[in-house]
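Encoded as structure tokens, the structure appears first; notes follow it.
The numbers here are math on the coordinates, done by the rules we state, and not lab data. Just so it is clear, the model here is predicted, and its values are computed rather than measured. So basically every Cβ, Gly included, is an ideal-geometry build from the backbone, and we count neighbours across all protein chains shown.
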Amino acid sequence: MTVDEPFALPFTLPGGLLLRESRPTDLEQIGALLAERGVPDDALDHRLVVQDPDVGWPSCAVVVDGDRVVSTATLLDEELRVGGVRLPAGQIELVATDEEYEGRGLVRALMRWAHARSAARGHVLQVMIGIPYFYRLFGYEYAIDIPVSRPVLDVPPGGDASALRTARAADLPFLAALQKQAQRGFDLAMGHPSARWRWLLAHDATTLRVVERDGEVVAVGRTTPVDDGGFHLAEAAAADERAARDLLSGVAASAPQARLHVVHRPGTLPATVWHGSLDHTPRAEAEQYYVRIPDPAVLLDRLRPLFRQRLTAAGLDPAGRELPLSTYRAHYRVPLGEPGEVVTGRTMQRLGSAGGVSVAPDRLAALLFGPYGIEGLARLRPDVYARGEEELHRALFPPLTADLLTYYLP
């Protein structure tokens, strides 16, 4: 983990290639490249981002060979809420390279640009969905569980399928409010920014569906197109049990011959109402979001109010306390009371007599944001352990529930 340095554009790459900010004249070429290397819907999704007045062309960079766009990536602004602390974050999406130009380090250069732009935007971490392993090459590690998609065995009776309709622009404030309510029960949450709500309404990869009752929107979900006889309902939120039943009934009725799967959000009202209708067979494979922490000291400092809150809730006085935390490559002394700042120190292979927490650098994100907590990670990894005040460490690093809303469904 290293602090991201400024990255000035345009930037010359070997072979006469140039990395620069995207321009309106690049739109068709970027769209064609994304459609060729990804899916056709990506071209529209990219256009929605760069033509949005709140985001714009600076969010996207390209590598060009003369006038030809041969690689591209886009950085989106996000915000993670952890307890009462809000963390500005970046998410990299819409990455593609012309097959003829693969293996020349173009994605690596674009990732460097994205991380530098992310730092300039004030982001203290990055989170993303990506192909297996690849983004670990750029400092990302798996940390946060992706919710399970479960087959619907039967639709609960009593739902009104006719109450379902496609969302409209006027619905967006109500949809944001429903999702905010649904996420309140999660320790860690990331919602849709206002710009992305507009994109979700316009793009083709998923469809926003709502339940309307007496002129009021009372439930929302995103559905995927029917594919090979199946489709998915994700990001479901509802104001009450009746609205949850109407949502599931309406979505199931929209494609009666297809197998419906529901992305399960434990603890939300729809998940509770639908629980007995879903197949809860444990999944065979782990799925997690990537997280990258460019500067642990900056992130730990932003989390200090949360640490104090957790200690107080556990009946522990944070005044005068300090947490030594080693990532082996370096160590950090985190003041847990009000005054002070995080101090970065030298390599520390073993904790001293004062104790503290040691965590491998590729497990720090999992410790801070993951579902295991310090005790669970210590059972899984020999290079994660705590010495000294066990009650303190359990309070500081508990297992977390998480709910992340992203442009693309995992």
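A few remarks follow.
- Area projected by the alpha carbon convex hull of region 151-285, averaged over all directions, nm²: 8.5 nm²
- Distance in nm between pseudo-label sites at V298 and E322 (7 Å out along the Cβ direction from Cα): 2.4 nm
- 3J(HN,Hα) couplings calculated from phi for region 94-110 with the Karplus curve 6.51 cos²θ - 1.76 cosθ + 1.60 (θ = phi - 60°) are, in sequence order, 6, 9, 7, 9, 4, 4, 5, 10, 5, x, 10, x, 6, 5, 4, 5, 5 Hz; Gly and Pro show x.
- Cleavage-rule hits, trypsin sites (Lys or Arg not before Pro), region 202-303, DSSP coil, Cβ neighbours within 10 Å at most 13: R283
- Of all DSSP beta bridges in the chain, antiparallel share, percent nearest 5: 85 percent
- The HN-Hα couplings worked out from phi for region 62-74 by the Karplus form 6.51 cos²θ - 1.76 cosθ + 1.60 (θ = phi - 60°) are 9, 9, 10, 10, x, 9, 9, 7, 10, 7, 7, 7, 10 Hz, whole numbers, x standing for Gly and Pro.
- Point-to-point label distance, R329-A255, nm (Cα→Cβ direction, 7 Å offset): 4.3 nm
- J(HN,Hα) series, region 200-216, from Karplus relation 6.51 cos²θ - 1.76 cosθ + 1.60, nearest Hz, glycine and proline x: 4, 5, 9, 7, 9, 5, 9, 10, 7, 10, 10, 9, 10, 9, 6, x, 10
- Per DSSP, loop GluC sites (Glu not before Pro) in region 271-324 with at most 11 further Cβ within 10 Å: E285
- Most mobile listed residue (D45, D228, D171) in the chain, GNM with C-alpha springs under 10 Å: D228
- Near D240, once Lys and Arg are set to +1 and Asp and Glu to -1 for all other residues with Cβ below 12 Å from its Cβ, the sum equals 0.
- The mean of 1/r over all pairs of different alpha-carbon atoms in the chain, once inverted, gives a Kirkwood hydrodynamic radius of 23.0 Å.
- Residues whose amide H lies under 5 Å from that of R213, counting only those 5 or more places away or on a different chain, are V218; hydrogens are built 1.01 Å from N in the peptide plane.
- Structure-based [θ]222 nm, the chain - -39500 (n - 2.57) summed over DSSP H runs of at least 4, per residue, nearest 500: -8000 deg cm²/dmol
- Contact order relative to length of region 1-143, as percent, for alpha carbon pairs under 8 angstrom and 6 or more apart: 22 percent
- Looking at region 70-138, the chymotrypsin sites (Phe, Trp or Tyr not before Pro) that sit in a DSSP loop and have at most 10 other Cβ atoms within 10 Å of their own Cβ are Y133.
- GNM top mover of T72, T272, T327 - the chain, alpha-carbon springs below 10 Å: T272
- Theoretical gain in end-to-end length, D383 to W57 [0.36 nm per residue, Cα-Cα removed]: 113.1 nm
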